[in-house]
């Protein structure tokens, strides 16, 4: 599971069965310094996340368990909005209302 | 999932009976700007994607979560054909035949 | 399982209900010599009352984690222990990194 920021969305009409109502968002993984941590990926959305939101992403087979139909070929789902992230490094702390 | 482009297909005559009926395609991963990454995967097509289509594919045991691939030895599945995507409100890609009139880019 | 250092805590007021009641930690994977491993940072639910700065055991494999938190939970990573000591070839390397 990782932190990331929503940077875009994907529109796809033709999908695997069970994914009809699911929103697909593009996520940039971030580390605790809010630095880029790996390649962008596409994740399903289980919490009504929006553009620019800092989010919590569950990857792997468990990602399907947050969706209305769990038997779907999905390997990443947004499972939380991050409001606050306190860390022990030198970078800025992330709190509500911060510009991500 | 990753964005990818169907760049080819794989035909294999001698293969395990569990994968005998499946259609395999070669997918090259793209970044969010549509630029190819130097990563390729052979994926089972679950949605009828064609050559040059931009698609989403899922990896790992998730790929077996379809009626087509359940219980079969595969680790990547194409699960959607992309119509369009945008990054930070700017349209990056739209299928040629997609009607983008009245399309508003902004809040996802 | 991986060795990691808890580098932060994450608060997600809007979240999947399976996460309710779980504390969420940010964990940086480490090599046994204490240097940062190449893996990126993980987030994990806390099953060991761990805190920032603790060296922990990180389970980052779904079916083992679901055995702890419920089979239907979309949770893949958990901190399952706070490490007191690590020995390599019989020599204690942690504490003392």
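What follows draws every value from the coordinates through simple rules; no lab data is involved. Keep in mind the model is a prediction, meaning the values are calculated, not measured. Because the Cβ atoms are built from the backbone with ideal geometry, glycine has one as well, and the counts that use them run over all protein chains shown.
Of note:
- Inter-part distance, the range C:6-64 to the range A:43-71, computed on C-alpha centroids, equals 18 Å.
- Computed over chain A with a Gaussian network model linking Cα atoms closer than 10 Å, the most mobile of A:43, A:17, A:35 is A:17.
- Value of relative contact order over chain C, rounded to a whole percent, pairs C-alpha under 8 Å and six or more apart: 27 percent
- Note on chain C: GNM, Cα springs under 10 Å; of C:75, C:55, C:86, the largest mean-square fluctuation is that of C:86.
- Residue B:17-residue C:37 FRET efficiency (beta carbon distance; Förster radius 35 Å; 0.05 resolution): 0.30
- Chain A: most fluctuating residue of A:49, A:86, A:63 per GNM, C-alpha cutoff 10 Å: A:86
- The ranking of A:58, A:44 from fewest to most other beta carbons within 10 Å of each one's beta carbon is A:44, A:58.
- Each helix, a run of at least 4 DSSP H residues, gives -39500 (n - 2.57); summed and divided by the residues of the protein assembly as shown, these come to -500 deg cm²/dmol at 222 nm.
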